[in-house]
Structure formats: C-alpha cells, structure tokens
Amino acid sequence: MSRPLIKICGMTRMEDVRLCVSLGADLLGFIFHAASPRRAAPDFVASVKTGRAVKVGVFVHQSADEVIEIMDRCGLHAAQLHGGQDMAFCEAVGPDRVIRTFWPETYASPEALLRDMENHAEVCGHFLLDAGGKGQGGTGQSIDFGILQHIEIQTPWFLAGGIGPNNIDAALALNPPGLDINSGVESQPGIKDNSKLQAVFDRIDKVR
C-alpha cells in the first residue's frame with residue numbers, strides 16, 4: 001500500500017487552508033454550488049495561496065462556460081464535476097482538468113459502474129466515488145466499501161463519503177489512489193476540526 005493523495009474539501013476559512021497545507025494535504029477543494037452550506041466566495045478562493053497544494057473547484061449545476069470562467073478567475077487547477085455532467089461537458093472543461101464524480105450505490109451492479117467509468121475515461125483525468133446520489137456531497141454518509149472490493153479501476157480515483165477518524169482504516173484498506181475528506185473532519189459545515197484532521201493525517205502518514 002502506498003500513501004494516497006489527500007484532498008480536503010469544503011474549504012471556507014484561511015486558517016483551515018493553512019492547517020491543511022501544513023498537515024500535508026495534496027489538494028484543497030472549494031465548493032461553488034449555491035445551495036451548499038460550504039459555498040466559497042470566488043473572491044476568497046482567488047485570494048487563497050495554497051503553496052504546492054492543488055486548488056480544485058467543485059461544481060454542480062453551472063454551465064461549462066461558467067466553470068471555465070470561475071477556474072480562470074480563481075486560479076483553479078481542476079474542476080470536480082458533481083452533477084453527473086456528460087462527456088461533452090468534461091471535454092469542454094478539459095479532460096486533464098476534470099475530476100468527475102460517480103455514485104456507486106446508484107448502479108445496478110459494480111460491473112455497471114465500471115462500464116460507465118470506462119466510457120468516461122478519455123474525458124476525465126480522475127474519478128471520484130462518493131456516497132449517496134447525484135448532486136449530493138458532504139452529507140456525512142459513508143460509501144458501501146464492499147461495492148468497490150471486486151472491480152479494478154484504471155483511471156486514477158478518489159474515494160469520498162464521510163471519511164474521518166472512525167473509518168479511515170476501512171477506507172485505506174481499499175488502497176485508493178486518493179481520498180477526498182470533508183464532513184468527517186468538521187465541527188460544523190465548512191468549519192474544520194483540528195483534532196479530527198490531525199487524527200486522520202496521523203493515520204495516513206503511517207502509510208508508506
């Protein structure tokens with residue numbers, strides 16, 4: 001097992017950005033969905049300097065043109081598409097910049113999930129596998145890890161879904177290339193909990 005990439009999502013405060021960078025986060029996620037309690041203002045995101053950490057925007061219902069405009073304005077390196085956007089949308093944003101979300105529990109079988117991901121492989125740089133259903137995120141739900149135990153995903157992917165100190169070991173047992181962590185390390189939506197973040201990174205740092 002090698003250490004996965006770590007993305008901390010739902011960033012709304014500069015102090016949380018600094019903490020996550022100091023702990024070793026590889027990617028930081030900023031949500032632009034209007035209905036999210038973790039929505040980040042574009043001016044704030046544009047002002048954030050993350051050092052070596054990659055800046056990711058999370059989008060749900062925006063058009064491709066709006067996504068591209070926000071990415072340029074805020075200095076984003078990648079777009080996490082969380083609304084089931086089609087292949088043409090991904091291609092317009094730029095395949096190397098797209099992290100497209102899939103919801104394994106909405107598929108009839110693991111094989112059906114794998115077929116859909118394979119169809120999108122050429123227009124996505126990464127996949128993200130989350131709990132719940134289309135357009136959801138940050139719900140605190142844990143994904144059914146058993147769905148992923150018997151499929152082999154070729155495209156680099158992130159595992160999401162309520163990951164925190166209580167289930168980090170189960171998440172790492174799947175040997176995902178990346179982990180997307182949000183509600184499982186919060187004290188309230190958009191406010192990260194220092195002790196939970198420290199506990200998660202302490203466990204991850206033991207993976208070599």
- request: Scan segment 173-187 residue by residue and report those that are aliphatic (A, V, I, L, M) and either in a helix (DSSP H, G or I) or at positive phi (or both).
  value: A173, V185
- prompt: Is it the case that segment 188-203 has a residue that's acidic (D, E), under 14 Å from I8 (Cα atoms) and either touching a Ser or Thr at 6+ places or on another chain (Cβ under 6 Å) or in a loop (DSSP other than H, G, I, E, B) (or both)?
  reply: yes
field: Matching residues in segment 1-54 - criterion: being farther than 24 Å from I168 by Cβ and buried (at least 21 other Cβ atoms within 10 Å of the Cβ)
entry: F32, A40, V45
- prompt: Could you give every pair whose Cβ atoms fall below 6 Å, whose first residue belongs to segment 4-27 and is touching a residue at least 60 places away in the same chain (Cβ under 8 Å), and whose second residue is assigned to a loop (DSSP other than H, G, I, E, B) and polar (S, T, N, Q), counting only separations of at least 6 or pairs across chains?
  reply: C9/N182; G10/N182
- prompt: Under 6 Å by Cβ, and 6 or more places apart or on different chains, what pairs join a residue from segment 113-133 that is closer than 18 Å to A92 by Cα with one that is among the β-branched types (V, I, T) and surrounded by 14 or more Cβ atoms within 10 Å (Cβ to Cβ)?
  reply: A121/T155; C124/V98; G125/V98; H126/I99; F127/T155
field: Some residue of segment 55-78 being outside any loop (DSSP other than H, G, I, E, B) and of a type in the set (S, T, N, Q)
entry: no
- prompt: For segment 179-200, how many residues meet the condition of being farther than 13 Å from N167 by Cβ and either of a type in the set (S, T, Y) or surrounded by fewer than 21 Cβ atoms within 10 Å (Cβ to Cβ) (or both)?
  reply: 10
statement: Of (1) assigned to a helix (DSSP H, G or I); (2) without any contact (Cβ under 8 Å) to a residue 12 or more places away in the chain, K49 satisfies every one except (1)
query: of a type in the set (V, I, T), modelled with pLDDT of 95 or more, closer than 26 Å to H33 by Cβ and surrounded by 14 or more Cβ atoms within 10 Å (Cβ to Cβ) - does that describe any residue in segment 139-152?
result: no
Test result for R73, modelled with pLDDT of 95 or more and charged (D, E, K, R): yes
message: Given the options G164, G132, name the one that is crowded, with 17+ Cβ neighbours inside 10 Å, small (G, A, S), in contact with a helix residue (DSSP H, G or I) (Cβ under 9 Å, 6 or more places away or on another chain) and over 25 Å from R203 (Cα atoms).
response: G132
- prompt: Is there a residue in segment 154-168 that is in contact with an Asp or Glu (Cβ under 6 Å, 6 or more places away or on another chain), in a helix (DSSP H, G or I) and modelled with pLDDT of 95 or more?
  reply: no
field: Yes/no for M117 being surrounded by 15 or more Cβ atoms within 10 Å (Cβ to Cβ), within 26 Å of A46 (Cβ to Cβ) and either modelled with pLDDT of 95 or more or not aliphatic (A, V, I, L, M) (or both)
entry: no
message: Restricting to segment 35-82, and then to whatever is under 17 Å from the mean Cα position of the chain (by Cα) and hydroxyl-bearing (S, T, Y), can you tell me which residue is nearest to P189 (Cα to Cα)?
response: S36
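The values are calculated or read from the model by the stated rules, or taken from the named source; none is laboratory data. Note that this is a predicted model, so its numbers are computed, not measured. Here the Cβ is made from the backbone with ideal geometry for all residues, glycine too, and neighbour counts use every protein chain on show.
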